[in-house]
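Novice: I'd like to ask some things about the structure below.
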Amino acid sequence: MSDWTENLPEAAKDYLAGRRLDEVECIVSDLPGIARGKAVPATKFARQEYFHLPDSIFYQTITGEWGDAAGDEGFIERDMILRPDMETATAAPWTGDLTLQVIHDAYDRKGRAIEYSPRNVLKRVVELYRKQGWEPVVAPEMEFYLVARNLDPAKNIEPMMGRSGRPAAARQAYSMTAVDEFGPVIDDIYDFAEAQGFEIDGITQEGGAGQLEINLRHGDPVKLADEVFFFKRLIREAAMRHNCFATFMAKPIADEPGSAMHIHHSVIDIEDGTNIFSGPQGGETDAFFHFIGGLQNHLPSAIAVLAPYVNSYRRYVRDHAAPINLMWGRDNRTTGIRVPLSGPSSRRVENRLAGMDCNPYLGIAASLACGYLGLMEEKRAGPSFKGDAYEGEEDIPRVMGDALDLFEEAKKLHEVLGPEFARVYSIVKRNEYEEFLQVISPWEREHLLLNV
């Protein structure tokens, strides 16, 4: 191996195991969470300290259109400087050639972090915690569907065909038989994850037909966001090997549960290593209630980031394993904010509002930002909710336009996430929403064409 590969993470070195590296994929996450970048020969990567991409990759909508997010200087597609974070170097085990992926960070020509790069947004929020002497810790849960190949957008999405030759069954949460139906796909997911050095805490069948959940071990927010970013790609690749698709849409199939990215949070005191949510005797602290209060007070303004598409709001349906309000409860999965059963050292708060369709960097950043504001404002949460929260009132936005209105007014949230990010994100999402409103749906044609 050449000199630069000697300092790779252990999993990447094990993957190479003395073989000649062919290619390096230099990548960065755009706003939707799509990997953008360049593939270069390994010999060229060894010689380069950075590469260039235009800043316009962050102005692009999910449909590939551009709006006016470039700002006062206009759409000139200025080059950014992309520098590798070699700690993220990991295998791309599905490729034909021996390939590594390396996540890069985006800077301008003066060396300043590009504020609207999603990874930089999360780094900004984490740094605000550290300035207060805190280390945020997160554990994301990833829900997704394995579905039949869908080549025609006009056709409904259907569950994949299982190992038995029957379509995946719904209402089989936690069934090991249901998990076995996807055995070959899951085997490849495990193999790819192992090659990339990722530790899966568990895979379970969820309530939807062909819906699975992968839990990741808790850790540093940026590292965990990197893993979710990588996992989305490896899961898609594993599915395509077996003639099906993996989808992270929030609500891909009508009348089935949606897919969430539940985020568990705790905060560690850097000086003494203790969980600030627990006191010396193991009781719940003011910080614990302030963090929950921050989620309750600021999550409505952050929903546009946690639920970034028009489809996202179809997930917030009563009795379909998704929250409809911001109640908090102990060991209560009907509430939007849940406190799981745990001992004092692992006391944590779970945000159940984020959809799996959100960008993992931005979703984790927005959730941590709301908790941070709560810690700084010191406004306590209300009393915990007991019972079925679906019987309560809805208090989160139900459509993308309303969510964007709240986001655009949330100046405190903008200061935490970054004002320039907030400006660009709002413009891009408005463009997407307005583009969607130009589309006439089958429902409208069926029920309005001849009846109104």
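The values are calculated or read from the model by the stated rules, or taken from the named source; none is laboratory data. Owing to the predicted nature of the structure, the values given are computational and were not obtained by experimental measurement. Cβ atoms come from the backbone with ideal geometry, glycine included; neighbour counts cover every protein chain shown. Remember, those area values only see protein heavy atoms, side chains included, never the ligands or the DNA or RNA. Shrake-Rupley method; radii C 1.70, N 1.55, O 1.52, S 1.80 Å.
Novice: Shape verdict for the range 395-444, please, from the Cα gyration tensor: rounded (a/c under 1.5), prolate (a/b greater than b/c) or oblate.
Specialist: oblate
Novice: Of 38/223; 232/412; 38/232; 131/232; 131/379, which pairs sit farther than 27 Å apart, going by alpha carbon to alpha carbon?
Specialist: 232/412; 131/232
Novice: Further question: What 222 nm value per residue comes from the helices of the chain, counting each DSSP H run with n ≥ 4 as -39,500 (n - 2.57) and dividing by all residues, nearest 500 deg cm²/dmol?
Specialist: Helices in the chain give a 222 nm mean residue ellipticity of -10000 deg cm²/dmol.
Novice: Across the chain, where is the longest run that never hits GluC sites (Glu not before Pro) in a DSSP loop with at most 10 other C-beta atoms within 10 Å?
Specialist: Result for the longest clean stretch: 74-198.
Novice: Only Cα pairs under 8 Å and at least 6 apart count here; give the relative contact order of the range 44-144 as a rounded whole percent.
Specialist: Dividing the mean separation by the residue count of the range 44-144 yields 19 percent.
Novice: What shape does the range 1-47 take by its C-alpha gyration tensor, where a ≥ b ≥ c are the square roots of the eigenvalues and a/c under 1.5 counts as rounded, a/b above b/c as prolate, and the rest as oblate?
Specialist: Since a/c reaches 1.5 and a/b is larger than b/c, the shape of the range 1-47 is classed as prolate.
Novice: I would also like to ask the following. Could you tell me the extents of the range 258-299's C-alpha atoms along the three principal axes, largest first, rounded to whole Å?
Specialist: 39, 19, 17
Novice: Next question. Could you calculate, for the range 55-165, the ratio of the Cα radius of gyration to the Kirkwood radius, expressed as Rg to Rh?
Specialist: 1.07
Novice: Gap in Å between the Cα centre of the range 329-395 and the Cα centre of the range 1-45?
Specialist: Using only Cα atoms to place each centre, the spacing works out to 37 Å.
Novice: Summarise the accessible area of the range 1-109 (1.4 Å probe, protein heavy atoms) by the percent that is carbon and sulfur.
Specialist: 44
Novice: Shifting gears a bit: With a ≥ b ≥ c taken as the square roots of the eigenvalues of the C-alpha gyration tensor of the range 342-452, please select rounded if a/c is under 1.5 and otherwise prolate if a/b is larger than b/c or oblate if it is not?
Specialist: Because a/c hits 1.5 or more and a/b fails to exceed b/c, the range 342-452 counts as oblate.
Novice: Using the heavy atoms of the protein chains alone and a 1.4 angstrom probe, what is the accessible area of the chain per residue in square angstrom?
Specialist: Ligands and nucleic acids excluded, the figure is 45 Å² per residue.
Novice: Here is a further query. For the chain, which span is the longest to avoid every loop-located (per DSSP) member of chymotrypsin sites (Phe, Trp or Tyr not before Pro) having at most 16 other Cβ atoms inside 10 Å?
Specialist: Maximal segment without exposed cleavage sites: 175-452.
Novice: Considering Cα pairs under 8 angstrom that are at least six residues apart, work out the relative contact order of the chain and quote it in whole percent.
Specialist: RCO, the chain: 16 percent.
Novice: Two decimals, Cα atoms only, Kirkwood Rh: what is Rg/Rh over the chain?
Specialist: 0.96
Novice: Amide H neighbours of residue 101 under 5 Å, at least 5 residues apart or on other chains, H built in the peptide plane: list them.
Specialist: So residue 101 has HN proximity to 25, 90, 91, 92.
Novice: Assuming a viscosity of 1.306 mPa s and a temperature of 10 °C, what translational diffusion coefficient in µm² per second does Stokes-Einstein assign to the range 289-385, Rh being the Kirkwood radius over Cα pairs?
Specialist: So the translational diffusion coefficient is about 117 µm²/s.
Novice: In percent, what relative contact order does the range 294-407 have, based on Cα pairs under 8 Å that are 6 or more apart in sequence?
Specialist: Answer for the range 294-407 is 41 percent.
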